[in-house]
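The values are calculated or read from the model by the stated rules, or taken from the named source; none is laboratory data. Computed from a predicted structure; not experimentally measured. Note: ideal-geometry Cβ built from the backbone for every residue, glycine included; neighbour counts use all protein chains shown. Surface areas here come from the heavy atoms of the whole protein model, side chains and all, with no ligands, DNA or RNA. Shrake-Rupley method; radii C 1.70, N 1.55, O 1.52, S 1.80 Å.
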Amino acid sequence: MTQDDTLTRDEERPAESVKTARPVNQGGDVAATLLGEIEVNAAKPLPHLDKGPVKAYAARRREDTEENLFAMICEPHLIPRSGDSPSYAVINNSALARLISSGPVFWPSAKSARYCFVYENTLGKPIVQTPEQQAGLGWRQDHVVRTVIKPMLSVLADLRAGGIVHGNIRPTNLFDGNDPKGERVMLGECLSTPPSYTQPLLFETVERAMYDPIGKGEGTPADDIYAFGATLAVLMRRKDPMEGFSPREILQEKMTQGSYNALLGKERITGTLLEFLRGLLYDDRDQRWTLDEMLSWADGQHLSSKQSTKRRRVAARPLNFNGKSYERQNLLAMDLNNNVAEAAQLIDGGALDQWVERSLQDENLKERLDAAVQSAREAGRGSGYPERLISRVSVALDPDGPVRYKGLNLHPQGFSYALAEAVALRKDLQPYAEMIQQQTVMYWLTEQVDLKVDTGTSVSMFDSCRGFMRQHNMGYGVERCLYLLNPEIPCMSDRLRKYYVRTPEDMLYAFELVAKLPDRPALFVDRHVAAFLSVKDRKVVDLYSADLNSMDA
């Protein structure tokens, strides 16, 4: 059986999530589950391959006797990157975990469907198996070049060709490839969680380190390159210069010392590898090396340093806020939500404006700050004004940072993942609704001048979402926004919680099964079902919207 025979694609098998995800009885107990012709052994976990809350299990093709595959069983509140699986599956690189199949399976312990990715089990053991090892492995430079840099450059090239940002490049996701001589390093998978969800702050750029894990968004190839550089630094250093630091202290150290110095401290790196590491760990993404430059270096070319286009200012005098002193505007932007009342007074009372003008002396920042305050006031000073004001001022202070609102720190691309998690875990959805209604995300998007991703599509989608939020009928509201912003999200209706419904065809098969249950609902269509169908196939439900909403009322 070839990889193309096994790979589950939405467009090829639209209803497979309901029709074929089924348990296998082994010795009287439900201990396995099927994905096509692949059997996943639910009784045999593989903890060394786990990705945070997403657990790994042994698997095999049914005609095989050996369990030479492994399966990642996704969590319902963490939307997997199923849309990237077709592009990932065509990559055939001996240094990257090879995807064999993907799709929903019945999971015995949950008694419901879970999304699953199945890979060849050729990774071996992780090269970092304890937290202490990550402090520093002290690998020789020639060993790093031979076993890590050269194979990983080919992986990065293949990922670029497939339009995929890996987002999980770190020492704990590198494996020995079952090579007893330690001459082979493989990179683990990246699809089973939202983008970079399990990526530690240490391996994220300063900007991405400020995002909530669930809301980082896909990122760019430059983020993978930075993570690769940070990984090499850990492999080569002998000790951790930031040992015992909190996440915030690590972030501050990167800001004040630069990532290279923060990660390596006094470690002595010599020769051309020094040039390579500095190129990968530039905090200014305009200076950071591209993949083409990395490949040129591997071919023996010497590359000169780029000139920075940015200069991070430190205030001549600190600003006092919430009992702390701030010299850096991005750290202040990160903390304004910690004391909403004091932050609003700081802004409306003119103290922040005075600090920016006198201590930072940044005319561009002053213009952004004035525009942010005016924008917040134009919408009125009624309910929600302090939060709206703080959010816009945070953008002015730190345009490279996340969308900040009521404790949420999100990238627009990560908004839908965070919203899906909130729905699944029954969190308060009001902050997300307000971010759409008050155009919080839109404001962030329109203020970006140096963003390395296309904002046009996001602007259009969030503008549509604002229109949906004005309507309270079934098929609209925050549920409609959820499915519009991310086509990979399955229907999250409570009526379908045991199934993994990705298409209208899936929904039909699921409802046929639900109809046979003794406790079946009187009405199958709820707000999630109506919104899901309105996005996926409007003609199925929109013609009957008036009737559905009259019953709902």
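Structure notes:
- Whole-Hz Karplus values for region 189-201 come out as 7, 9, 9, 7, 10, x, x, 6, 4, 9, 6, x, 4 Hz, taken residue by residue from phi with 6.51 cos²θ - 1.76 cosθ + 1.60 and θ = phi - 60°; glycine and proline positions read x.
- Inter-label distance, nm, simple model (7 Å from Cα along the C-beta direction), residue 87/residue 272: 3.1
- Its alpha carbons considered, region 233-280 gives a radius of gyration followed by a Dmax of 10.9, 32 Å.
- Karplus-derived 3J(HN,Hα) values for region 89-96, using 6.51 cos²θ - 1.76 cosθ + 1.60 with θ = phi - 60°, are 5, 7, 6, 10, 10, 5, 9, 10 Hz; glycine and proline are entered as x.
- Of the listed residues 472, 77, 166, the order by accessible area with a 1.4 Å probe, largest first, is 472, 77, 166.
- Rg/Rg_globular for region 340-469, with Rg_globular taken as 2.2 N^0.38 Å and Rg from C-alpha atoms: 1.08
- The mean accessible area for residues of the chain, using a 1.4 Å probe and ignoring ligands and nucleic acids, is 44 Å² per residue.
- Zone of residue 433's modelled label, taken as backbone nitrogen in region 475-492 under 14 Å from a point 7 Å along Cα→Cβ: 475-482
- Shown is the FRET efficiency for residue 303 and residue 256, computed with R0 = 22 Å from the Cβ-Cβ distance and rounded to the nearest 0.05: 0.25.
- Within the accessible area of the chain (1.4 Å probe), percent carbon and sulfur: 47
- 19 Å cut-off, amide nitrogen to a point 7 angstrom out along residue 109 Cα→Cβ, residues in region 71-92: 71-80
- Unit Cα scatterers, Debye sum, the chain: log10 I(q)/I(0) for q = 0.06, 0.09 Å⁻¹: -0.33, -0.75
- Based on DSSP H segments of at least four residues, each scored -39500 (n - 2.57), the chain has a per-residue ellipticity at 222 nm of -10500 deg cm²/dmol.
- For region 65-212, a Kirkwood radius taken over Cα pairs fed into Stokes-Einstein (37 °C, viscosity 0.692 mPa s) yields D = 198 µm²/s.
- Inter-label distance, nm, simple model (7 Å from Cα along the C-beta direction), residue 508/residue 385: 5.4
- For residue 471, nonlocal amide neighbours, meaning residues 5 or more places apart or on other chains whose placed amide H falls under 5 Å from its own, are 477.
- For region 382-434, trypsin sites (Lys or Arg not before Pro) meeting the loop criterion (DSSP other than H, G, I, E, B) and having at most 16 other Cβ atoms within 10 Å: 426, 427.
- Once the Cβ-Cβ distance of residue 292 and residue 463 is raised to the sixth power relative to R0 = 35 Å, the FRET efficiency obtained is 0.45.
- Placing a label point 7 Å from the Cα of residue 132 along the Cα-to-Cβ direction, the residues of region 154-180 with a backbone N closer than 20 Å are 171-173.
- Mean separation of Cα pairs under 8 Å and 6 or more residues apart, divided by the residue count, gives the chain a relative contact order of 13 percent.
- Amide H contacts under 5 Å for residue 55, placed H, 5+ residues apart: 73
- Mean separation of Cα pairs under 8 Å and 6 or more residues apart, divided by the residue count, gives region 478-531 a relative contact order of 45 percent.
- In region 239-268, the GluC sites (Glu not before Pro) that fall in loop regions by DSSP, at most 14 other Cβ within 10 Å: 243
- Less than 5 angstrom separates the built amide H of residue 100 from those of 118, 119, 120, all sequence-distant by 5 or more or on a different chain.
- Relative contact order of region 309-420, pairs being alpha-carbon contacts under 8 Å that are 6 or more residues apart, as %: 25
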